[in-house]
Amino acid sequence: MKLKQDMSVEDKKMMRSVFWRSWTMNASRTGATQYHALGVIYTLLPVINRYYKTDEERADAIVRHTTWFNATMHINNFIMGLVTSMEKQNSEDDHFDASSITAVKASLMGPLSGIGDSFFWGILRVIAASIGISIASTGSVMGAIVFLALYNIPAFIIHYYALYTGYSVGANFIQKLYESGGMKILTKASSMVGLLMMGSMTASTVKFKTILEVTVSGSDPIKIQDYLDQLFVGIVPLTVTLITFWLLRKKVNINVVMFGIMILGIILGLLGIC
């Protein structure tokens, strides 16, 4: 690969470290850590340590990558390569907009995951499993070996070259975006996508349904939840989310907020409110 030939010894060592670290990215998949955020930071530490010289610069870079990230394994290394190139340029150019790094990550997650999920989970895995099962059905242990080989060898190759491809197109990609004014549009669009994503997650994961009823003589009990839904579907979960966000903005410890919500839920359950 020509790019590798043009790299210095230090750059090659850094990229090898990023490649091997990237295999652990999915290990940090928890809601509290913004899915793969910790894995992204661990993957990019060689880049941050190489290109930034002061503790303050390194801290800013680490904080920058605590944002939500989730993309298909193997193909997400293209984003890591691109981010590596952008971090390098950010360390060399005082006028570089560091927020564009997060914007690029956010904008590429969806499109690349659409391709990656379809290929790795919908095509490659199914084909490898079909061949492996047909061999295993004859009683041969080669079925499992063939399955693992057919799936993991292409995945490993794509995982490797995606990283270097992202790094190689990084400089030209960034320059063209800036020249066309696309970076501002991309930053704005990614912010909107992020807000839409958080709204969707709130609506699908934050649940509250009260069982309170008001009995009026001579009529059926009135369910409070029905009236809340008529007023605004999901108004209570939305209110809880906004209050939680406000508390976090006020620097209230996240553990206090989490345990507070848990205790509130227990109390409301015991009182028969929800």
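Of the residues 128, 106, 155, which single one is in contact with a helix residue (DSSP H, G or I) (Cβ under 8 Å, 6 or more places away or on another chain), at pLDDT 85 or above and within 29 Å of residue 67 (Cα to Cα)? Lay out the reasoning, then the answer.
Working: 128 fails: within 29 Å of residue 67 (Cα to Cα); 106 fails: at pLDDT 85 or above.
Sole residue among the options that is in contact with a helix residue (DSSP H, G or I) (Cβ under 8 Å, 6 or more places away or on another chain), at pLDDT 85 or above and within 29 Å of residue 67 (Cα to Cα): 155.
Among the candidates 116, 110, the residue that is open to solvent by less than 10 Å² (accessible area, probe 1.4 Å) and either in the same structural domain as residue 161 (by the TED database) or outside any helix (DSSP H, G or I) (or both) is uniquely 116.
State which residue is nearest to residue 160 (Cα to Cα) when the search covers only segment 12-53 and only residues that are of a type in the set (D, E, K, R) and at pLDDT 85 or above. Applying the filter and picking the extreme gives 16. Cβ-Cβ distances below 7 Å connect the following pairs, each with a first residue in segment 69-90 that is open to solvent by 10 Å² or more (accessible area, probe 1.4 Å), a second residue that is in a loop (DSSP other than H, G, I, E, B), and a separation of six or more residues or different chains: 70/36; 89/96; 90/96; 90/98. In segment 236-255, the residues that are touching a residue at least 12 places away in the same chain (Cβ under 8 Å) and assigned by the TED database to the domain that holds residue 225 form Cβ pairs under 9 Å with partners that are outside any helix (DSSP H, G or I) and of a type in the set (Lys, Arg), at six or more places apart or across chains, as follows: 236/209; 237/207.
The values are calculated or read from the model by the stated rules, or taken from the named source; none is laboratory data. Everything quoted here is computed from the prediction, not taken from an experiment. Note that each Cβ is placed from the backbone with ideal geometry, even for glycine, and that neighbours are counted across all protein chains shown. The area values use the complete protein model at the heavy-atom level, side chains included, leaving out ligands, DNA and RNA. Shrake-Rupley method; radii C 1.70, N 1.55, O 1.52, S 1.80 Å.
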